[in-house]
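**Student:** One structure is given below, represented as structure tokens, and several questions about it will come after.
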Amino acid sequence: MFQSVRFASSNRSPDALILAHFKGQGLERESARLDSGGAAAAALKRPEATGELGRIVEAFPGKSRGGPKRILIVGLGEKDKFEPGKLRDAAGAVGRRLAATKDARAQIEVHHAAKTTRADIERCGQCFGEGLGLIGWTCDEFKGTASKNNERKTLSVSAPGSFGWALQRGLGLAESANLARTVSHTPPNICTPAWVAAEARRLAKKVGLRCTVFSGRDLERHDLIGLINVGKGSINKPCMVKLEYRPRGGGGRGRPAILLGKTMTYDSGGLSLKINNTMRGMKRDKDGGCAVLGAMHAVATVIKPRRPVIALLVCAENSVSDDAYRPDDIIKYRNGVSVEVTNTDAEGRLVLADGLCWACEKEDPAYIVDLATLTGGVVVALGNTYAGMWCEDDALRRRIEAASAASGERCWRLPHHDEYREMMKSDIADIINSNPDRKAHPIQGAAFLSYFVKDGVPWCHLDIAGVHLAESDKGPFVKNAATGWGVRLLAELLDAD
């Protein structure tokens, strides 16, 4: 919607002043002081000024030197149900309206209404900044001459005090999420595993990370057998990307946090070919890796945690050729576990297994969090409201849940149990990659992955298949566009380290 959204310490003569009110209420005292001519108060008497969350009423204060030419009063819903996360949706509505009116400078003063609820004002500022930054995202670089050329403005926003500082932080986190969304949006004829590796290198150089790419003989030397097999059918060869953040001074507190992302740049299903047009949209089977890439941007530019952080992106294209791996193949991983392939469309867990083995054996992790668009079953179970979460380490699970609450990226715990692991046993190898019995379908994926995590290593698996794409224009998100789900959750998790 905007070329960019940036924070300014002040906006002299702003185009728009942004105020807020609650359902059934007018302006509180501080907002009323900013409404010197009473135009906003008068606008709130109109019948459309319901105060519902995201409902905007406009007022025009008339000519005054240095004053705004427009006032937007955004509804925050019922006062007794307010919490800071609702400001993401409110900011989304404000951003949409500012894009429509083509205003370039906005003074944000919504915190006065929020203060009356005794909410954490810095949290309010961050949430509003996230919402503005997320709704500001656009990716139209693939449109050509047949599309209308819409000139997009840079939106400059200002806000006072700690609210303003936190708003600026929120914009930074949104920028990281928007990086993930842009990579997700990139089509598979451009976004190959090698392209992802090149983007990771560019990011590392820009923000001060270390990047290592394992491909070709490196995969063979390190027995990254899942990537080798899943990627065999494509001309675009697989790789594993490792990004490292080390705190300033080269040290850091304790062992590294490991972020692991499934990065299937395209998934045809392989020889177990997807049917009935279910291949469309499979460019976004990389969104776990996109989230990890965006999270590393946030780590380096916003969070800067005291703990080292290592990201692993397991990148491949699941395609069809004479060289493609087959149902009935048996592959053995570097940790000794052998897998009978029963379905080549259950490929994501095969490449994630490489990343889990590597993390446990090579990186001495404090904990591992993996993100993957792993199963359709989690969409059946939880819809588009929650990501599925599997985590048996109580301390890590509490921290993930706290990060989820802070970011507004919701996850719901689903069970681990040895009976689910038994479902994955093979008659001729150790385990199968997919049980044709559809019972506990999303849990099967987590049960499979658990065979590649060392005992005692805290691990959380997040299946984001239901939440990585927006199904409607809602809040700060746009229909049929990636949400960048997980970037802000991982940032909150690492910020609490």
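The values are calculated or read from the model by the stated rules, or taken from the named source; none is laboratory data. Please read these numbers as outputs of a predicted model, since none were measured by experiment. All Cβ positions, glycine included, derive from the backbone under ideal geometry; neighbour counts span all protein chains shown.
**Student:** Taking the conditions exactly as written (in contact with an Asp or Glu (Cβ under 9 Å, 6 or more places away or on another chain) and either among the aliphatic types (A, V, I, L, M) or more than 30 Å from residue 280 (Cα to Cα) (or both)), does residue 228 satisfy them or not?
**Tutor:** yes
**Student:** Still on this structure, please answer the following. Would you pick out the residues in region 12-23 that are more than 28 Å from the chain's Cα centre (by Cα) and either surrounded by 20 or more Cβ atoms within 10 Å (Cβ to Cβ) or not assigned by TED's automatic domain parsing to the domain that holds residue 93 (or both)?
**Tutor:** Across region 12-23, the qualifying residues are 14, 16, 17, 19, 21, 22.
**Student:** Output the residues belonging to region 304-339 that are buried (at least 24 other Cβ atoms within 10 Å of the Cβ) and more than 20 Å from residue 454 (Cβ to Cβ).
**Tutor:** 313, 315, 316, 317, 318, listed by residue number.
**Student:** Return yes when residue 425 is at pLDDT 95 or above, of a type in the set (Lys, Arg) and within 28 Å of the chain's Cα centre (by Cα) and no when it is not.
**Tutor:** Details: at pLDDT 95 or above: yes; of a type in the set (Lys, Arg): yes; within 28 Å of the chain's Cα centre (by Cα): no.
Here the answer is no, as residue 425 does not meet what is asked.
**Student:** Restricting attention to region 224-241, which residues are buried (at least 17 other Cβ atoms within 10 Å of the Cβ) and farther than 11 Å from residue 315 by Cα? Can you show your working first?
**Tutor:** First, the residues of region 224-241 that are buried (at least 17 other Cβ atoms within 10 Å of the Cβ): 224-234, 236-241.
Passing the criteria: 224, 225, 229, 232, 233, 234.
**Student:** Could you run through region 97-132 and say how many residues are of a type in the set (Lys, Arg) and outside any helix (DSSP H, G or I)?
**Tutor:** 3
**Student:** Quick one: count up the residues across region 26-50 that are free of Cβ contacts under 8 Å to residues at least 40 places away in the same chain, touching a helix residue (DSSP H, G or I) at 6+ places or on another chain (Cβ under 9 Å) and assigned to a loop (DSSP other than H, G, I, E, B).
**Tutor:** 4
**Student:** Applying the selection to region 461-474, what residues are touching a residue at least 60 places away in the same chain (Cβ under 8 Å) and surrounded by fewer than 24 Cβ atoms within 10 Å (Cβ to Cβ)?
**Tutor:** Passing the criteria: 469, 471, 474.
**Student:** Hey, another quick one. Just to be sure, is residue 344 over 28 Å from residue 234 (Cα atoms), among the polar types (S, T, N, Q) and either part of a loop (DSSP other than H, G, I, E, B) or under 26 Å from the mean Cα position of the chain (by Cα) (or both)?
**Tutor:** no
**Student:** What's the total number of residues in region 123-151 that are over 30 Å from residue 112 (Cβ atoms) and surrounded by 15 or more Cβ atoms within 10 Å (Cβ to Cβ)? Give the derivation first.
**Tutor:** Pass one, region 123-151, residues over 30 Å from residue 112 (Cβ atoms): 138-151.
After this cut, where a residue has to be surrounded by 15 or more Cβ atoms within 10 Å (Cβ to Cβ) as well, the list is 138-139.
Adding up the residues that qualify gives 2.
**Student:** Turning to a different aspect of this structure: Checking the condition over 26 Å from residue 484 (Cβ atoms), out of contact with any helix residue (DSSP H, G or I) (no Cβ under 8 Å at 6 or more places or on another chain), of a type in the set (Lys, Arg) and assigned by TED's automatic domain parsing to the domain that holds residue 57, which residue from 79, 102 passes?
**Tutor:** The conditions single out 79.
**Student:** Of the residues in region 51-60, how many are assigned to a loop (DSSP other than H, G, I, E, B) and at negative phi?
**Tutor:** Pass one, region 51-60, residues assigned to a loop (DSSP other than H, G, I, E, B): 51-55, 60.
Filter once more, keeping what is at negative phi: 52-53, 55, 60.
Final tally of qualifying residues: 4.
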